[in-house]
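Participant: Before anything else, here's the structure in question.
The values are calculated or read from the model by the stated rules, or taken from the named source; none is laboratory data. Source: prediction; values computed, not measured. No Cβ is skipped: glycine too gets one built from the backbone with ideal geometry, and neighbour counts run over all protein chains shown. To get the accessible areas, we keep the full protein, side chains included, count just its heavy atoms, and leave off ligands, DNA and RNA. Shrake-Rupley method; radii C 1.70, N 1.55, O 1.52, S 1.80 Å.
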Amino acid sequence: MTKETDNIKDGMNILQRGIKRTFDIVGALLGLICASPVILIIYILQKRESRGPVLFHQERIGKGGKPFNIVKFRTMKINAEEDGPQLACQGDNRLTCIGKFLRAHHLDELPQLWNVLVGDMSFVGYRPEREFFIKQIMEHRPDYEQLYISRPGVTSDATLHNGYTDTMDKMIIRLDMDLNYLRHRSLLLDAKIIIETLSSILGGKKF
């Protein structure tokens with residue numbers, strides 16, 4: 001990180017960040033326990049449909065600009081990116097049958113509870129991106145690296161309201177929303193985003 005990045009305003013003070021991390025640990029642990037039957041069912045269904053791996057590991061860039069492996073249920077065919085990195089989009093024909101269902105109901109995100117538990121991610125924060133696409137974004141907006149003072153998240157205001165970021169314009173809009181969250185974030189705002197996310201998932205909203 002640069003000196004300029006270190007001086008970016010964070011809406012949370014050190015106490016709030018500590019409370020946020022404590023909530024992440026407790027919430028992720030309880031989430032993994034409560035979701036274990038669903039995780040087992042998905043595992044069995046994945047194995048019945050395909051001989052490929054059930055879990056999908058992909059390097060993303062997180063806090064401090066450091067890489068980590070995000071964990072999700074695999075939703076795409078094994079050779080989905082044989083021609084190089086591609087952005088997911090609505091109606092993506094690379095999805096498997098089960099993958100379409102998991103993606104539509106956001107169940108593919110469940111393994112990210114592990115990322116939250118070990119500190120790679122938080123429940124609320126910017127969506128972590130691959131270095132390949134970050135380099136493209138930073139050609140337009142070098143201030144992307146300002147996000148690195150915080151942990152990336154499973155959900156965010158941009159995730160809820162910006163849809164699939166399948167174009168550079170949407171990536172820039174997402175960046176602006178993420179930077180705005182960082183400057184104004186609070187425990188109350190996090191609670192609001194989590195409640196809205198759960199409400200959207202239970203209501204079947206696509207985002």
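Participant: Name the residue farthest towards the positive end of the dipole of the chain from the options I42, P142, N69, assuming +1 on Cβ of Lys and Arg, -1 on Cβ of Asp and Glu, about the Cα centre.
Facilitator: So the residue we want is I42.
Participant: Sticking with this structure for a sec: Which value, in debye to the nearest 20, gives the size of the charge dipole of the chain about its Cα centre, when Lys and Arg are +1 and Asp and Glu are -1 at the Cβ?
Facilitator: Value, rounded to 20: 540 debye.
Participant: Taking all protein chains in place and a 1.4 Å probe, what share, in percent, of the accessible surface of the chain do carbon and sulfur account for?
Facilitator: 61 percent
Participant: Here's something else I'd like to know. Taking a 27 Å limit on the Cα-Cα distance, which of the listed pairs K135/K205; K20/K100; K72/K192; K9/K206 fall beyond it? Working shown, then result.
Facilitator: Working: K135/K205 31 Å; K20/K100 32 Å; K72/K192 24 Å; K9/K206 32 Å.
In this structure, K135/K205; K20/K100; K9/K206 exceed 27 Å between Cα atoms.
Participant: I've got another one for you. Pairing the Cα long axis of helix 14-49 with the longest principal axis of the chain, what angle in degrees results, from 0 to 90 and rounded to the nearest 10?
Facilitator: So the inclination is approximately 10 degrees.
Participant: Using Cα-Cα distances under 8 Å and only pairs 6 or more residues apart, what relative contact order does region 88-207 have, in percent? Walk me through the numbers on the way to the answer.
Facilitator: Details: 108 pairs, mean separation 35.9, N = 120.
The normalised contact order for region 88-207 reaches 30 percent.
Participant: Along the charge dipole of the chain, pointing to its positive end and built from +1/-1 on Cβ of Lys, Arg, Asp and Glu, which listed residue (L95, V124, L32) has its Cα farthest out?
Facilitator: L32
Participant: Quick one: helix 168-184 against the long Cα principal axis of the chain, what's the angle to the nearest 10°, folded into 0 to 90?
Facilitator: Between helix and principal axis, roughly 50 degrees.
Participant: So what does log10 I(q)/I(0) come out to for region 132-207 at q = 0.11 Å⁻¹, using the Debye formula with one equal point on every Cα and no solvent?
Facilitator: With one equal scatterer per Cα and no solvent, log10 I(q)/I(0) is -0.30.
Participant: Between helix 131-140 and the chain, what is the angle of the helix's C-alpha long axis to the longest principal axis, kept within 0 to 90° and rounded to the nearest 10?
Facilitator: 40 degrees
Participant: Continuing with the same structure: Nearest 0.05, what FRET efficiency do L29 and F101 give at R0 = 25 Å with Cβ-Cβ as r? Don't jump to the answer; show the numbers that get you there.
Facilitator: On the way: r = 26 Å, r/R0 = 1.06.
Rounded to the nearest 0.05, the efficiency is 0.40.
Participant: On average, how much accessible surface per residue is there in the chain, in Å², for a 1.4 Å probe, leaving out ligands, DNA and RNA? Show your work: numbers first, answer last.
Facilitator: Numbers: 11310 Å² over 207 residues.
Value returned for the chain: 55 Å² of accessible area per residue.
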